[in-house]
Amino acid sequence: MPQEYSGILMLVVFFAIMYFTIIRPQKKREKETKAMRDSLATGDEVITIGGIHGKVVKINDEIVTLEMPFG
């Protein structure tokens with residue numbers, strides 16, 4: 001009997017570790033990213049992931065248009 005439970009216990013522990021090391025932090029990052037995107041407003045100055053500096057001039061559902069300075 002105890003050996004049957006040890007296998008199930010190992011699976012439960014494995015999935016718990018996977019949840020707390022991979023899934024939970026990813027969901028937290030997604031939540032933070034969504035909050036940041038929702039807080040964007042026209043006129044905000046931003047830096048893209050590619051390092052491009054710009055000012056938000058237009059926001060659609062999925063597209064943010066930036067105005068970039070020359071130089």
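Laboratory data are not the source of any read-out in this text; all were calculated from the coordinates shown. All values reported here derive from a predicted model rather than from experimental measurement. Positions of Cβ are generated from backbone atoms using ideal geometry, with glycine treated the same way; all protein chains shown enter the neighbour counts.
Remarks
- Placing unit charges on each Cβ (+1 for Lys and Arg, -1 for Asp and Glu) gives the chain a dipole about its Cα centre, and among HIS53, GLY7, VAL64 the Cα reaching farthest toward its positive end belongs to GLY7.
- In this label model, ILE49 and GLU32 are separated by 1.5 nm, measuring between points 7 Å along each Cα→Cβ vector.
- From least to most packed, judged by other beta carbons within 10 angstrom and beginning with the fewest, ASP61, ASP44 follow the order ASP61, ASP44.
- Cα centroid separation - region 1-36 against region 49-71, whole Å: 37
- Only helices enter this figure: runs of n ≥ 4 DSSP H residues, each worth -39500 (n - 2.57), summed and divided by the residues of the chain, yield -15500 deg cm²/dmol at 222 nm to the nearest 500.
- Chain lengthening between LEU9 and ARG24 when straightened (0.36 nm per residue, less Cα-Cα): 3.3 nm
- Listed residues ILE17, ILE49, ILE59, most fluctuating in the chain (Gaussian network, C-alpha, under 10 Å): ILE49
- In degrees, nearest ten, helix 2-18 long axis to first principal axis of the chain (Cα): 10
- The H on the amide N of ASP44, modeled in the peptide plane, is under 5 Å from the matching H of VAL56, each at least 5 residues off or on a different chain.
- Per residue, the average separation of C-alpha pairs within less than 8 Å and at least 6 apart gives the chain a relative contact order of 16 percent.
- Evaluated at q = 0.22, 0.26, 0.28 Å⁻¹: base-10 log I(q)/I(0), Debye formula over Cα of the chain: -0.97, -1.12, -1.19
- Pairwise Lys count, the chain - Cα closer than 26 Å, eight or more residues apart or different chains: 4
- Cα-based helix-to-principal-axis angle, 24-39 vs the chain, degrees rounded to 10: 20
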